[in-house]
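Here is the structure we will look at.
The values are calculated or read from the model by the stated rules, or taken from the named source; none is laboratory data. Just so we're clear, the structure is a prediction, and the values are computed from it rather than from any experiment. Note that we place each Cβ from the backbone using ideal geometry, even for glycine, and neighbour counts take in every protein chain shown.
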Ligand SMILES: Cc1cc2nc3c(=O)[nH]c(=O)nc-3n(C[C@H](O)[C@H](O)[C@H](O)COP(=O)(O)O)c2cc1C
């Protein structure tokens with residue numbers, strides 16, 4: 001695979017460079033004035049809202065409003081170092097015009113590793129791979145960030161050799177559930193340090209920023225949860241206590257990387273799947289605190305962005321989140337976006353950026369293709385051959401088989 005990589009990347013880059021110039025996605029960071037409504041009006045009545053640059057608090061400029069959502073893909077080496085397939089897939093999306101590329105969730109400490117083939121950012125040995133990845137992703141002008149992750153109770157002893165830990169100990173009637181031990185003060189001090197160290201490593205590798213994975217019921221989300229975190233020692237119980245870990249991690253990361261490095265947080269605003277014990281108003285308050293703590297963006301993981309909140313069915317979460325945050329803190333929103341019209345609707349609700357997951361897997365050139373108002377994205381199921389054509393490796397295809405009707409049988 002490694003031997004094929006460069007020619008393949010070169011071919012993709014050559015084929016797409018003209019299209020990238022057309023949408024303002026160039027190897028140079030764009031000036032804020034580069035894309036104006038006038039420049040895009042002739043090809044689509046509201047498309048320009050997806051193709052204008054965005055300047056973050058950190059000073060970083062994202063060339064358009066379309067992000068690749070973090071997507072676990074199992075393509076890293078067994079020891080967490082970057083695999084060539086992972087690089088090829090992310091490079092394909094960078095060449096496809098995504099203005100912001102987020103990597104998959106990457107573990108900050110081995111005791112937080114949750115999957116085979118998960119990317120590691122836990123030690124300096126991973127630096128050469130990360131450096132190669134950062135350089136490749138930034139070649140086309142995308143902002144590149146790594147999602148920092150600790151699985152908590154959803155990590156596994158099979159990979160770490162250690163019992164999993166979390167805010168409290170509980171038993172779930174779920175297959176392969178590993179009962180966690182209760183986190184000690186030493187665990188918490190260590191994990192805060194691990195997030196900060198990982199962020200510094202990502203910065204040293206040449207990335208533009210990090211996103212802290214505070215969503216989907218992983219460690220930071222477990223601590224935010226009213227049901228999973230009844231601790232009475234200042235790290236749980238009331239909202240101040242439950243938010244303490246994510247806030248201390250955020251502050252430690254910010255202190256380590258400085259103001260000019262992008263730091264964001266991904267949150268589940270309400271319960272969904274394994275994210276449990278969350279309340280909309282608590283999540284909005286946490287977002288506000290995180291803005292005080294210095295984040296550049298809050299990334300709302302919605303899964304179904306066409307739906308209203310569960311708590312207040314007449315209100316959509318994005319305007320609520322937007323209203324909580326200072327204007328210079330960006331809102332990213334993800335969940336169920338397929339067409340440009342879907343993305344524009346979410347921008348209209350107040351999202352500064354939209355993030356695509358499954359639509360990006362099926363359409364790695366989505367930002368270029370969606371420039372044509374007549375274009376319609378490809379939707380699943382895709383055959384294995386079609387996925388291979390999109391730089392999705394057999395290992396990633398294996399992972400995608402867990403998603404109903406994604407891979408054609
Ligand atoms: C294959 C796959 C892997 C994912 N891995 C991650 C991940 O590593 N981190 C994360 O925060 N979300 C992850 N997600 C959630 C996506 O980032 C996204 O929020 C979700 O798929 C909804 O967006 P979509 O409808 O555009 O796919 C994953 C989703 C899929 C389909």
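A few remarks follow.
- Residue match in segment 344-356 (condition: within 14 Å of the ligand (Cβ to nearest atom), touching a residue at least 12 places away in the same chain (Cβ under 8 Å) and farther than 30 Å from residue 289 by Cα): no
- Count of segment 221-269 residues which are farther than 30 Å from residue 100 by Cβ and either within 16 Å of the ligand (Cβ to nearest atom) or part of a helix (DSSP H, G or I) (or both): 2
- Exactly one residue among 337, 321 is over 20 Å from residue 102 (Cα atoms), crowded, with 18+ Cβ neighbours inside 10 Å and within 16 Å of the ligand (Cβ to nearest atom), and that residue is 321.
- Criterion applied to 172, 162 was being more than 16 Å from the ligand (Cβ to nearest atom) and closer than 14 Å to residue 109 by Cβ, and the one residue passing it is 162.
- For segment 155-171, the criterion of being more than 29 Å from residue 99 (Cβ to Cβ) and modelled with pLDDT under 95 is met by at least one residue.
- Top-ranked residue of segment 138-151 - restricted to ones that are within 16 Å of the ligand (Cβ to nearest atom) and outside any strand (DSSP E or B), ranked as surrounded by the fewest Cβ atoms within 10 Å (Cβ to Cβ): 151
- The set of residues in segment 108-119 being surrounded by fewer than 24 Cβ atoms within 10 Å (Cβ to Cβ) and not in a loop (DSSP other than H, G, I, E, B) consists of 110 alone.
- Single match in 134, 105, 94 (criterion: assigned to a helix (DSSP H, G or I) and surrounded by 24 or more Cβ atoms within 10 Å (Cβ to Cβ)): 94
- The number of residues in segment 388-409 being within 22 Å of residue 142 (Cβ to Cβ) and either within 13 Å of the ligand (Cβ to nearest atom) or buried (at least 17 other Cβ atoms within 10 Å of the Cβ) (or both) comes to 5.
- Selected residue (only one of 380, 367 is within 16 Å of the ligand (Cβ to nearest atom), modelled with pLDDT of 95 or more, assigned to a loop (DSSP other than H, G, I, E, B) and in contact with a helix residue (DSSP H, G or I) (Cβ under 8 Å, 6 or more places away or on another chain)): 380
- Scanning segment 279-315 for residues that are within 19 Å of the chain's Cα centre (by Cα) and either free of Cβ contacts under 8 Å to residues at least 12 places away in the same chain or in a loop (DSSP other than H, G, I, E, B) (or both) yields 294, 295, 296, 302, 303, 304, 305.
- The set of residues in segment 152-175 being in a loop (DSSP other than H, G, I, E, B), in contact with a helix residue (DSSP H, G or I) (Cβ under 6 Å, 6 or more places away or on another chain) and buried (at least 17 other Cβ atoms within 10 Å of the Cβ) consists of 155, 164, 167.
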